[in-house]
1. When DSSP beta bridges are limited to those with both residues in the chain, what percentage is antiparallel, rounded to the nearest 5?
2. Take the Cα radius of gyration of the stretch 365-441 and divide it by 2.2 N^0.38 Å, with N its residue count; two decimals is plenty.
3. First select every other residue whose beta carbon is under 15 angstrom from the beta carbon of residue 150; then total the charges, Lys and Arg +1, Asp and Glu -1.
4. Could you pull out the longest piece of the chain with no exposed loop trypsin sites (Lys or Arg not before Pro) in it, calling a site exposed if DSSP puts it outside H, G, I, E, B and it has at most 15 other Cβ atoms within 10 Å?
5. Let a ≥ b ≥ c be the square roots of the eigenvalues of the Cα gyration tensor of the stretch 224-371; is it rounded (a/c under 1.5), or, if not, prolate (a/b larger than b/c) or oblate?
6. Give me the percent of the accessible area of the chain that comes from carbon and sulfur atoms, probe 1.4 Å, all protein chains in place.
7. Modelling each spin label as a point 7 Å along the Cα-to-Cβ direction, I'd like the residue 32/residue 441 distance in nm, to one decimal.
8. Residue 419 to residue 383: FRET efficiency via 1/(1 + (r/R0)^6), r the Cβ-Cβ distance, R0 41 Å, to the nearest 0.05?
Amino acid sequence: MSEFASAVPKARVWPVGALCRAIADALEARFNPVTVVGELSGFSRASSGHCYFSLKDSNGQIRCAMFRRAASLVDFSPQDGDRVEVRGKLGVYEARGDLQLVVESMTRAGSGTLFEEFFKLKAKLQAEGLFDRVKHELPTMPKGIGVVTSLGAAALHDVATALQRRVPHIPVLVSPAAVQGAGAPVEICRALSNLYHLIQSQQGKTLDLADTHSVVLPQISVILLLRGGGSLEDLWAFNDESLVRLLAQSQVPVITGIGHETDFTLADFVADLRAPTPTAAAELASASRLTLLGQLDDLQARLAQALQRSLDIMSQRLDSSASRLGRPSGLAARQQLRLANAEQRLRSAAKGNLSQRLVVINGLTAQLPSNLSRGLSKTHSRLDRASLHLSLLDPKLVLQRGYAWLSGPKGETISRVAQTTAGQSLRATLTDGVVDLTVSN
């Protein structure tokens, strides 16, 4: 028996640290590097920048560590519930003997394909100018608010609470739709189309609900499109092309409150305003009731001041009118004084004008004889000069110098030899008579 026992090899006794290292080496040789898909749980980020979390699915979980360098390369904010794909190395944390995955990279599960589709569709719609359309201005006092979201969503409860607190007097109409899943885009488009139809119709028509009650439809002034936070896959319904194009056709402002502050969908780009959360969307669509009441108080105070000023001015005018009506004799005396002053000014003006005209007439009368004498002298001088010029033109003066005036039988003037012929009878007028002549050759 003792010989048999001595023939059996003795089992190795492992130190704890050595066993952990051996297991780590075995894992390194068998699995690493490894890629794992699962859901984040218990995610935390230490002050050093290292991240610690668990990756789980329905069948199990594994503890993970992602050191600062790798964490700085993650292009999104990991949160519990996110489905992610990680790549790293399996190992053993020897201080506790825990199996852990040291993560070297992390992406959203399936995000590569979804992000590629997201940016491709965004570029297409942006090239069409769909995101550059003229945005609607938010109404200061909406008459009614339309809400598109799931009836079971926590976002609806938060929004209803905010609206009830801020604007309990404004009616809210919920057009329900699924906000996640394959059929969500169609349901959201149908819910929006129902609101569009109501907006286009005249206010006052009634809608028969499932419970057979009939309600008066409010006039919708703004639409809220809402959904709580989630992964890219959860929010994918709001990246649907048909939904984005339908949002661009809205005749009233549309405010989106989809996901968290860091989440963006294509619906946000085409909406008239994007809110970081559903509750913030409700706040943007409604001014606070206290704010409105404060504005009413301010308007009331300003109206009262304006009314008081108007009453003061009218009272002063009334006092002045009463003062004038109370003493009509004083008014008549003032009018008589004004009339007397006007008469005096008229008399003075007429007298002064008459005196000036008499002075002018006397001056003209004194100057008349001399003016007449000078005028006659100038006239005689002009007549003498004209008589002299006329006498110088007398043809008799020319005849007196020995010249004669020849004329033909008919009295025509003969001034050239070519006008005469042999035997022609001419008449020569001299200074003292007329002589008949006959041309000899």
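The values are calculated or read from the model by the stated rules, or taken from the named source; none is laboratory data. Only a predicted model underlies this, so the values are computations on that prediction, with no experimental measurement involved. Methodologically, a virtual Cβ is constructed for each residue, glycine included, from the backbone with ideal geometry; neighbour enumeration extends over all protein chains shown. Note: accessible area is taken over every heavy atom of the protein model, side chains too, but ligands, DNA and RNA are not part of it. Shrake-Rupley method; radii C 1.70, N 1.55, O 1.52, S 1.80 Å.
1. Numbers: 41 of 60 bridges.
Rounded to the nearest five, the antiparallel share is 70 percent.
2. Working: Rg = 22.9 Å, N = 77, 2.2 N^0.38 = 11.5 Å.
The value comes to 2.00.
3. Working: positive: 190, 227; negative: 158, 187, 234.
Combined, the nearby Lys, Arg, Asp and Glu give -1.
4. On the way: sites that count: 10, 12, 96, 133, 135, 143, 205, 401, 410, 416.
Here the longest segment lacking exposed loop sites spans 206-400.
5. Numbers: a/c = 9.16, a/b = 2.81, b/c = 3.26.
It is oblate, given that a/c is not under 1.5 and a/b is not larger than b/c.
6. 57 percent
7. Calculated label separation equals 16.5 nm.
8. On the way: r = 40 Å, r/R0 = 0.97.
Step by step, r from the Cβ atoms, then E = 0.55.
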